[in-house]
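Everything below concerns the one structure shown next.
The values are calculated or read from the model by the stated rules, or taken from the named source; none is laboratory data. These numbers were taken from a predicted model, which means no experiment stands behind them. Heads up, the Cβs are rebuilt from the backbone with ideal geometry, glycines too, and the neighbour counts pull from every protein chain shown.
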Amino acid sequence: MFKAPRGTVDLLPQEQRYWRYAEQAAAGVCRRFGYQRLDTPTFEASGLFVRGVGEQTDIVQKEMYAFEDRGGDLVTLRPEGTAPACRAYLEHGMSSLPQPVRLYYFCPIFRYERPQAGRYREHHQFGVEAIGDGDPAIDAEVIQLGWSYARELGLGKLSLVVNSIGDPACRPGYLQALKEYYGAYLPHLCQDCRGRYERNPLRLLDCKQERCQPFIASAPRSSDYLCDACKEHWRRLLAYLDLLSIPYTTSHRLVRGLDYYTRTVFEIQPPDEGGQSTLLGGGRYDGLVQELGGPPTPGIGFGSGFERMVLNLKRQEVRVPEVLPRPVVIVHSGPQALEYGLGIAARLRKESLTVIVAPAQRSLRAQMRYASSVNARYAVVVGETEVRQRTGSVRDMDNASQEEAPEADLAAYLVAKVGLEQAG
Ligand code: HAM
């Protein structure tokens, strides 16, 4: 028997309501902030991610689904959404539009990771990117958008963590201070951190190993090494967040896993969990568009995994509406009644009602049992008499009362009933 590949999941019908709920909240928030949807291909030239995300990142080193296609081109299944958005921005001349260009996307993301709770090899992101404006007011806007999304879903006890990791002017000085500090502790660090020390010292602060925690706690802080421009950016961002009453904490440990970040980085985390459960993460990437061959163009955005949001909606027992309303089921006896019932079903659907025709070749009783088993709200029962009189018997499945209505009135009758219930 075949199974879904490791680290992937089937989204069964009973799961769908959580996903639709999260998607609708995301699209609603984006609409209110004036963000427009962008869809990019599921695969891109591998070089886009090597250049954009950074050669030394975990994504490029060990997580990309990269392969040579039949024509000999090196392509990669999208391991993140920011580099493709910037590629599209450049390719379609979006720099000539009013800046910043505000975009959002829903897309599958592929990373060859070790699967565990909340971590998949294919996951799905809601992401936003505001490209073309370097002002901290945009950082505040993007953070506010992400915070509104998480809150609107009904999730509580979330924390927003922000940090500034500087820019190419001040980061080298900070990295040097970090290396000097860590140099003395090298033999005490975990294996991974010894590698990070050489390749990507910022990531030392991201280590989850117990033995490395004390070193992280007293490590030099990026916010103490910011150049004047970054310091002013950071100061203004925090002032805007205060102004907007968005509660945040700052943490020098927050560095994020992609190389393109400059200045602001941020994450939204659920209650009592480590970094791997981050619900939403992002930051500024002022060098990325240029790295991809474009003119200097600032940008900021975030990505948020639907799987993790849904996990938390369930954990926090957030009430999520059903996707499908309770159906009307057409119950029919005999071939003529079935034909008559098919016509009624078509008419009811035109009025937007959800209608299921009970399986043919079964007794009336069996069809009524079927109607109960699919949680029908009403059954429209049609037999010889109804066919002859051009009527239908509407059975309220909750209280077993039954009323007869002329065929021509059935739709209006049911729409009124269902409409009343949905209203109150
Ligand atoms: P990221 O932190 O790698 O950032 O991913 C963003 C979010 O995707 C995470 O916070 C998490 O919710 C979800 N996520 C990541 N990996 C997995 C996984 N293996 N399984 C389930 N969910 C996962 C980015 O991808 C950046 N492109 C975000 C960004 C946009 N920065 C600026 N603009």
State all residues of the stretch 154-194 that are of a type in the set (Ser, Thr, Tyr) and closer than 30 Å to Arg315 by Cβ; if no residue qualifies, say none. Ser159
Just checking, does the stretch 225-245 include any residue being under 20 Å from the mean Cα position of the chain (by Cα) and either buried (at least 21 other Cβ atoms within 10 Å of the Cβ) or within 15 Å of the ligand (Cβ to nearest atom) (or both)? no
All positions within the stretch 270-288 that are at pLDDT 95 or above and more than 16 Å from Glu80 (Cα to Cα): Asp286, Gly287
Which pairs turn up if I take residues in the stretch 404-419 that are in the same structural domain as Arg347 (by TED's automatic domain parsing) and look for partners that are of a type in the set (Ser, Thr, Tyr) and in a helix (DSSP H, G or I) with beta carbon separation below 6 Å, at least 6 apart in sequence or on another chain? Ala405/Tyr413
Does Ala130 satisfy being surrounded by 20 or more Cβ atoms within 10 Å (Cβ to Cβ), in contact (Cβ under 8 Å) with a residue 12 or more places away in the chain and in a strand (DSSP E or B)? yes
Residue that is nearest to Ile59 (Cα to Cα) [pool: residues in the stretch 101-127 that are of a type in the set (Gly, Ala, Ser) and surrounded by fewer than 22 Cβ atoms within 10 Å (Cβ to Cβ)]: Gly118
By my count, helices (runs of 4 or more DSSP H) wholly in the stretch 1-105 with at least 3 residues that are over 28 Å from Arg151 (Cα atoms) are 46-53, 82-91
When residues of the stretch 42-80 are limited to those that are small (Gly, Ala, Ser) and touching a helix residue (DSSP H, G or I) at 6+ places or on another chain (Cβ under 8 Å), the one modelled with the highest pLDDT: Ala66
State all residues of the stretch 384-407 that are exposed (fewer than 11 other Cβ atoms within 10 Å of the Cβ) and among the hydrophobic types (A, V, I, L, M, F, W, C); if no residue qualifies, say none. Ala400
Criterion first (of a type in the set (Asp, Glu), within 16 Å of the ligand (Cβ to nearest atom) and touching a residue at least 24 places away in the same chain (Cβ under 8 Å)) does Asp10 satisfy it? no
For the stretch 32-46, indicate whether the set of residues that are under 21 Å from the mean Cα position of the chain (by Cα) and of a type in the set (Gly, Ala, Ser) is non-empty. yes
Find the residue count for the stretch 334-353, including only residues that are of a type in the set (S, T, N, Q) and modelled with pLDDT of 95 or more. 1
Inspect the stretch 268-282 for any residue being farther than 15 Å from Val161 by Cα and more than 9 Å from the ligand (Cβ to nearest atom) and give the result as yes or no. no
Flag if Ala379 is of a type in the set (A, V, I, L, M, F, W, C), under 21 Å from Lys417 (Cβ atoms) and either at pLDDT below 95 or not in a loop (DSSP other than H, G, I, E, B) (or both): yes
Hey, does the stretch 226-234 have a residue that's in contact (Cβ under 8 Å) with a residue 12 or more places away in the chain and either within 22 Å of Thr57 (Cα to Cα) or assigned to a loop (DSSP other than H, G, I, E, B) (or both)? yes
Hits in the stretch 38-84 (condition: away from the ligand (no atom under 16 Å from the Cβ), small (Gly, Ala, Ser) and surrounded by 12 or more Cβ atoms within 10 Å (Cβ to Cβ)): Ala45, Ser46, Gly47, Ala66
Can you tell which of Asp192, Asp259 is out of contact with any helix residue (DSSP H, G or I) (no Cβ under 6 Å at 6 or more places or on another chain), of a type in the set (Asp, Glu) and outside any loop (DSSP other than H, G, I, E, B)? Asp192
State whether the residues of the stretch 25-39 include one that is more than 20 Å from Pro100 (Cα to Cα) and out of contact with any helix residue (DSSP H, G or I) (no Cβ under 8 Å at 6 or more places or on another chain). no
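Here's the yes/no breakdown for (1) within 12 Å of the ligand (Cβ to nearest atom); (2) in contact with a helix residue (DSSP H, G or I) (Cβ under 9 Å, 6 or more places away or on another chain):
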residue	(1), (2)
Ile109	yes, no
Ala117	yes, yes
Gly132	no, yes
Ala140	no, yes
Ala150	yes, yes
Give me a count of the residues in the stretch 110-127 that are touching an Asp or Glu at 6+ places or on another chain (Cβ under 9 Å), in contact (Cβ under 8 Å) with a residue 60 or more places away in the chain and of a type outside the set (Phe, Trp, Tyr). 8
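Results for (1) at pLDDT below 95; (2) of a type in the set (D, E, K, R); (3) part of a strand (DSSP E or B); (4) within 21 Å of Ser352 (Cα to Cα), shown as yes or no for each residue.
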| residue | (1), (2), (3), (4) |
| --- | --- |
| Asn375 | no, no, no, yes |
| Glu386 | no, yes, no, no |
| Arg395 | no, yes, yes, yes |
| Asp398 | no, yes, no, no |
| Val415 | yes, no, no, yes |
| Leu420 | yes, no, no, yes |
